[in-house]
Amino acid sequence: GALAEFIVYAPENSSLRTFEREGQIQPLGVKGEGLFKLLKTLSRPEHQDRWQDLRENLRLLDWFDDLRIAPSLAPYETTLQISDRYLAVDRADELALLDQRSANEGFLFLLFYFALFVSKSTPKLFAIDNIDASLNPKLCSELLRRLVLLAKKYDKQVILTTHNPAILDGLDLHDEEQR
């Protein structure tokens, strides 16, 4: 059952930033290994609704414009293209693209959490240790509100640990499912 697949995730910046390492746990390792491979799967046409949910939720960050897997990658290449709405290039109609190595740590953690919640391949029951790591308090509250909606939509049950009371601000403690 769900308990047999139970995993405690504790993402680490180094695993989220360098996509070369694969974890023993598929598709997503406890430290974030395998994230690129999972994102590549989510970006396929048959998962467009999940990919759209992931990208839409990343707009929680005011600078985030869009995310895509770089087209025509060689098999060994692992590059995300992240567009920042505030970084314009010389032409007004074109946005500057960052890759995951240039993205800030908070973005990478959000990318991990949203991918974890929207994927069919990740466990239905899991835990996240220190979900507030690398996130500011205001962001924590809104992240939790969004994760609650994604958990309901994609039938996920999650246990969280935190050191930040702002996480609790994102929960409705009157809702039995969230308490």
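The values are calculated or read from the model by the stated rules, or taken from the named source; none is laboratory data. Given the structure is predicted, the values throughout are model-derived calculations rather than measurements. A quick note on method: Cβ atoms are made from the backbone with ideal geometry, for glycine too, and the neighbour counts reach across all protein chains shown. These accessible areas exclude ligands, DNA and RNA; they are computed on the full protein's heavy atoms, side chains included. Shrake-Rupley method; radii C 1.70, N 1.55, O 1.52, S 1.80 Å.
Here is how the numbers come out for the structure above:
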item: Conditions (1) closer than 22 Å to PRO27 by Cβ; (2) aliphatic (A, V, I, L, M); (3) part of a helix (DSSP H, G or I); number of the one not met by ILE167; result: (1)
item: Criterion: open to solvent by 30 Å² or more (accessible area, probe 1.4 Å), at pLDDT 90 or above and small (Gly, Ala, Ser) - qualifying residue of SER43, SER72; result: SER43
item: The stretch 137-179, residues that are more than 22 Å from GLY106 (Cβ to Cβ) and among the hydroxyl-bearing types (Ser, Thr, Tyr); result: TYR154
item: Subset of the stretch 152-171 (residues that are within 18 Å of ALA10 (Cα to Cα) and not hydroxyl-bearing (Ser, Thr, Tyr)); result: LYS156, GLN157, VAL158, ILE159, LEU160, HIS163, ASN164, ILE167
item: From the options ALA115, ALA151, residue that is open to solvent by less than 10 Å² (accessible area, probe 1.4 Å), assigned to a helix (DSSP H, G or I) and within 27 Å of PRO27 (Cα to Cα); result: ALA115
item: Subset of the stretch 76-112 [in a strand (DSSP E or B) and either at pLDDT 95 or above or crowded, with 20+ Cβ neighbours inside 10 Å (or both)]; result: LEU80, ILE82
item: Neighbours by Cβ (under 7 Å, 6+ apart or cross-chain): first from the stretch 24-47, more than 17 Å from THR78 (Cα to Cα); second of a type in the set (Ser, Thr, Tyr) and open to solvent by 30 Å² or more (accessible area, probe 1.4 Å); result: HIS47/THR41
item: Selection count where residues are among the charged types (D, E, K, R), modelled with pLDDT under 90 and either out of contact with any Lys or Arg (no Cβ under 7 Å at 6 or more places or on another chain) or in a loop (DSSP other than H, G, I, E, B) (or both), scope the stretch 8-33; result: 3
item: The one condition in (1) closer than 19 Å to ILE128 by Cβ; (2) assigned to a helix (DSSP H, G or I); (3) modelled with pLDDT of 90 or more that ASP49 fails to fulfil; result: (1)
